[in-house]
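No value in this document is a laboratory result; all are computed from the given coordinates. The structure displayed is predicted, hence computed values, not measured ones. FYI the Cβ positions are ideal-geometry reconstructions off the backbone, even for glycines, and counts take in every protein chain you see.
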């Protein structure tokens, strides 16, 4: 590469002296193109300060020429980028491969995983895994080493909602058909509840025309699991004398 002369005017001598002072104080590391972070920070700061006192075109030209000559290139800075890195939730009893990717100056580099993750970045959690695991990854880029921490969470199985209600209900014609039911979800998920079958609501008063046995279906869903419970409704004309069984709720 042909080195372009720095286009300085009256300020050229001052800039050159300042730049050469840092050059020799840093142990001529420019010759090896391997500045450490502290040296790079000092040089960049000085250049920025000088550039502020120059016309915009000249200040920008100084920085561009230094970059073009490799003095302030990304190769010198050792830029590490870690993609897809976050806490992870692992399904149980399935091999899971970590989605992390690391790059050094735009080139993908290997990631070192720590227990319980394998060297290949894979892990399998069994049914007994119910606690959060702390782990780390390590990446190296041009002599710089960084360690990142993250959490591994076991994916909890979704429990279906539960409906508590009587299996059978006896109600006299002319009386309100009401009985108690209870819907709950162990995971505290939002639950949708609805009724269909003979009636779509329990707010109903049977008539003599309804005498007989009917089926009402109670439904509950948490968005993933759906359950259904069947309730037999016996509409009778007279009294409860034939419905004294303990498993029949009398409305």
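Here the label points at residue 147 and residue 128, each 7 Å from Cα along the C-beta direction, are separated by 2.8 nm in the simple model. A straight chain from residue 207 to residue 193 at 0.36 nm per residue would run longer than the Cα-Cα distance by 2.4 nm.
Global size of segment 80-154: 13.0, 42 Å for Rg and Dmax (C-alpha atoms, Rg to one decimal, Dmax whole).
In plain terms, the chain from residue 162 to residue 200 could stretch by 11.8 nm, reckoned as 0.36 nm per residue minus the Cα-Cα distance.
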